[in-house]
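The values are calculated or read from the model by the stated rules, or taken from the named source; none is laboratory data. Since the structure is predicted, the reported quantities are computational estimates derived from the model, not experimental observations. Cβ placement follows ideal geometry from the backbone for every residue including glycine, while neighbour counts extend to all protein chains displayed.
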């Protein structure tokens with residue numbers, strides 16, 4: 001497996017599958033989106049919404065939004081380069097094997 005991926009490759013992977021691998025469980029389903037408890041919010045409501053069509057997240061409480069790469073970088077406090085170069089550490093390898 002190539003440990004060095006580009007950002008476009010990573011952003012094509014399913015954000016919902018990545019959340020499942022990380023242990024996140026859905027709290028609500030809507031037409032076109034799924035909600036989770038946000039790891040970024042410290043006040044209620046702690047919502048992280050994943051848009052099924054564009055595979056992007058939004059955390060309205062913190063005004064954060066973006067792609068799988070941006071989510072992982074926020075979650076782990078790493079750069080995109082670190083994420084691409086350390087896919088095992090950030091569990092991207094498990095997502096790629098689905």
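Out of everything in region 35-57 that is farther than 16 Å from residue 23 by Cα and at pLDDT 95 or above, what residue ends up being surrounded by the most Cβ atoms within 10 Å (Cβ to Cβ)? First the steps, then the outcome.
Pass one, region 35-57, residues farther than 16 Å from residue 23 by Cα: 41-46, 51-57.
Right, trim to at pLDDT 95 or above and you get 51-57.
Working: 51: 15, 52: 15, 53: 7, 54: 10, 55: 16, 56: 18, 57: 25.
If we take residues in region 35-57 being farther than 16 Å from residue 23 by Cα and at pLDDT 95 or above, then 57 is surrounded by the most Cβ atoms within 10 Å (Cβ to Cβ).
Which members of region 58-72 meet the condition of being in contact with a helix residue (DSSP H, G or I) (Cβ under 7 Å, 6 or more places away or on another chain) and closer than 13 Å to residue 18 by Cβ?
First, the residues of region 58-72 that are in contact with a helix residue (DSSP H, G or I) (Cβ under 7 Å, 6 or more places away or on another chain): 64, 67-69, 71-72.
Across region 58-72, the qualifying residues are 67, 68, 69, 71, 72.
Give me a count of the residues in region 73-95 that are assigned to a helix (DSSP H, G or I), touching a residue at least 60 places away in the same chain (Cβ under 8 Å) and either more than 14 Å from residue 20 (Cβ to Cβ) or within 13 Å of the chain's Cα centre (by Cα) (or both).
Going through region 73-95 one residue at a time, the tally reaches 7.
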